[in-house]
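Have a look at the structure below before the remarks.
The values are calculated or read from the model by the stated rules, or taken from the named source; none is laboratory data. Keep in mind that what you see is a predicted model, and the values were worked out from it rather than measured. Cβ placement follows ideal geometry from the backbone for every residue including glycine, while neighbour counts extend to all protein chains displayed. Just so you know, the surface numbers come from the protein's heavy atoms only, side chains and all, with ligands and any DNA or RNA stripped out. Shrake-Rupley method; radii C 1.70, N 1.55, O 1.52, S 1.80 Å.
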Amino acid sequence: MSELLYEAIGSAAQLISAPATERTALREAIKENLNEVDDKTYTLLTHLRTSFINPLPREDLFTFSRHLRASIGAVSNAAGLIPDAIPMRSTSLPELLELLGQQAKVLRKVFAHLAQLDNVEDDWLDLMGLTTRGRHTIRTWKLEISETTRVQTALSQTMLLDDLREAQYELIQAMNHLGTILVKES
């Protein structure tokens, strides 16, 4: 699922500079990623009900899938506003998408090594650093929005920021859950 999140974030980043003729296809690709995550969530739930041996307790695997699904849903919502909501002078949108993509990439690595939690602690620390940078970028973007004098522009930017902040929040929740598992299993 983290791979699909990474792909959706990549498509959202492409929307910033995509010509109008390509935007619909990119938005559809993000929606397809969301549909695939829903299918994988259903498959995961079926697997969890029928299997007895899992790398982590069922509740933990479900929690990760729930946060990843919510994050990709938020990216999908944000895609409807990119690039229309952001003046091209803003660097906050590409920076935040880059940070979200890096978080998704680290989570992909983490999920590939869930059976060996000793190797995951450094990745968890990397996620902490990316989260701090993401919060700083969100704060910077809020300041940019506060300087906007057009109400319509400020509103659309705020809506986009809210969606991406939700994606960031869900990744933070997944990271926090990973930290809980590391403490519990140590």
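Things worth noting here:
- Residue satisfying all of: in segment 9-22; modelled with pLDDT of 90 or more and in contact with a Leu (Cβ under 7 Å, 6 or more places away or on another chain); nearest to LEU171 (Cα to Cα) among these: ILE9
- Among residues that are at pLDDT below 90, of a type in the set (Val, Ile, Thr) and buried (at least 21 other Cβ atoms within 10 Å of the Cβ), ILE86 is included.
- Evaluating ASN77 against the criteria (1) more than 30 Å from GLU22 (Cβ to Cβ); (2) open to solvent by 70 Å² or more (accessible area, probe 1.4 Å) leaves one unmet condition, (1).
- Residue under evaluation ILE53, criteria (1) farther than 30 Å from GLU144 by Cβ; (2) assigned to a helix (DSSP H, G or I); (3) free of Cβ contacts under 8 Å to residues at least 12 places away in the same chain, criterion not met: (2)
- Residue that is surrounded by the fewest Cβ atoms within 10 Å (Cβ to Cβ) [pool: residues in segment 1-50 that are in contact (Cβ under 8 Å) with a residue 12 or more places away in the chain and β-branched (Val, Ile, Thr)]: ILE16
- Scanning segment 89-127 for residues that are closer than 19 Å to ILE9 by Cα and open to solvent by 20 Å² or more (accessible area, probe 1.4 Å) returns THR91, PRO94, GLU95, GLU98, GLN102, LYS105, VAL106, ARG108, LYS109, PHE111, ASP126.
- Test result for LEU61, among the hydrophobic types (A, V, I, L, M, F, W, C), assigned to a helix (DSSP H, G or I), in contact with a Leu (Cβ under 8 Å, 6 or more places away or on another chain) and surrounded by fewer than 18 Cβ atoms within 10 Å (Cβ to Cβ): no
- Sub-8 Å Cβ pairs linking a first residue in segment 156-178 that is more than 15 Å from GLU98 (Cα to Cα) to a second residue that is outside any helix (DSSP H, G or I) and open to solvent by 50 Å² or more (accessible area, probe 1.4 Å), at least 6 apart or interchain, are SER156/ASP84, ordered by first then second residue.
- Residue-level check: of (1) within 20 Å of the chain's Cα centre (by Cα); (2) among the hydroxyl-bearing types (Ser, Thr, Tyr); (3) open to solvent by 50 Å² or more (accessible area, probe 1.4 Å), THR131 misses just (3).
- Condition check for GLU185: among the acidic types (Asp, Glu), crowded, with 16+ Cβ neighbours inside 10 Å, within 15 Å of ASP60 (Cα to Cα) and in contact (Cβ under 8 Å) with a residue 40 or more places away in the chain: no
For every residue, the table says whether it meets (1) within 30 Å of LEU48 (Cα to Cα); (2) touching a His at 6+ places or on another chain (Cβ under 8 Å); (3) polar (S, T, N, Q).
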position: SER92; (1), (2), (3): no, no, yes
position: GLU98; (1), (2), (3): no, no, no
position: GLN103; (1), (2), (3): yes, no, yes
position: VAL120; (1), (2), (3): yes, yes, no
position: THR132; (1), (2), (3): no, no, yes
position: THR148; (1), (2), (3): no, no, yes
